[in-house]
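This report refers to the structure that appears directly beneath it.
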């Protein structure tokens, strides 16, 4: 397992919670009611996003330097910080056949189409991971 450190930006607009975005991962966002909560949630969001990309065989971006992020227009009004992502070596995918309720499969496909996961396989794999983590804790 290797670790990559990615820059993140946290900001709080008046009357809102703290929001976090990742310049290297457009669309990967998180938030929290406090700064500490937002940064903890950011680590979870980034790991989930990275795991999904790896699962789908996508290449991870090279982390931007903090200097580059701070100089960017998107950093204005934000507090920059680093988040570590653990990169697991992908094991070989195995094809299998599963049977499930047609309505459930349709709901999964709709969630994938709405961006909940990059693919049906990715959605099911992440659901299995969550269930296994829940049982382990």
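Every number here is computed from the coordinates shown, using simple stated rules; none is lab data. For clarity, every value in this text was computed on a predicted model and none was experimentally measured. Glycine also receives a Cβ, built like all others from the backbone with ideal geometry; neighbour counts cover every protein chain displayed.
Sorting 92, 129, 11 by the number of Cβ atoms found within 10 Å of their own Cβ, with the fewest placed first, yields 92, 129, 11. Springs join every pair of Cα atoms under 10 Å in this Gaussian network model of the chain, and among 107, 42, 85 the largest mean-square fluctuation is at 107. May I ask for the distance between the Cα centers of the stretch 6-29 and the stretch 31-81, given as a whole number of Å? For the stretch 6-29 versus the stretch 31-81, the Cα centre distance is 7 Å. Label positions at residue 128 and residue 110, each projected 7 Å from the Cα along the C-beta direction, are separated by 2.5 nm. Note on the chain: helix-only mean residue ellipticity at 222 nm, from DSSP H runs of 4+ residues weighted -39500 (n - 2.57) and normalised by residue number, equals -13000 deg cm²/dmol.
Which log10 I(q)/I(0) values, to two decimals, does the stretch 56-101 give at q = 0.15, 0.22, 0.32, 0.33 Å⁻¹ under the Debye formula with one point per Cα? Debye intensities relative to I(0), on a log10 scale: -0.65, -0.94, -1.23, -1.27. The label point for residue 74 and the one for residue 119, both projected 7 Å from the Cα toward the Cβ, are 2.6 nm apart. Diagonalising the gyration tensor over the Cα atoms of the stretch 1-58 and scaling each eigenvalue by 5 before taking the square root yields semi-axes of 23, 11, 9 Å, largest first.
At 20 °C and 1.002 mPa s, what whole-number value in µm²/s does Stokes-Einstein give for the translational diffusion of the chain, with Rh from the Kirkwood sum over Cα pairs?
129
For the stretch 92-137, dividing the convex hull volume of the Cα atoms by the residue count gives 99 Å³ per residue. Once the C-beta distance of residue 96 and residue 65 is scaled by a Förster radius of 30 Å, the resulting FRET efficiency is 0.10 to the nearest 0.05. Between residue 136 and residue 34, the simple spin-label model (points 7 angstrom out along Cα→Cβ) gives 2.7 nm.
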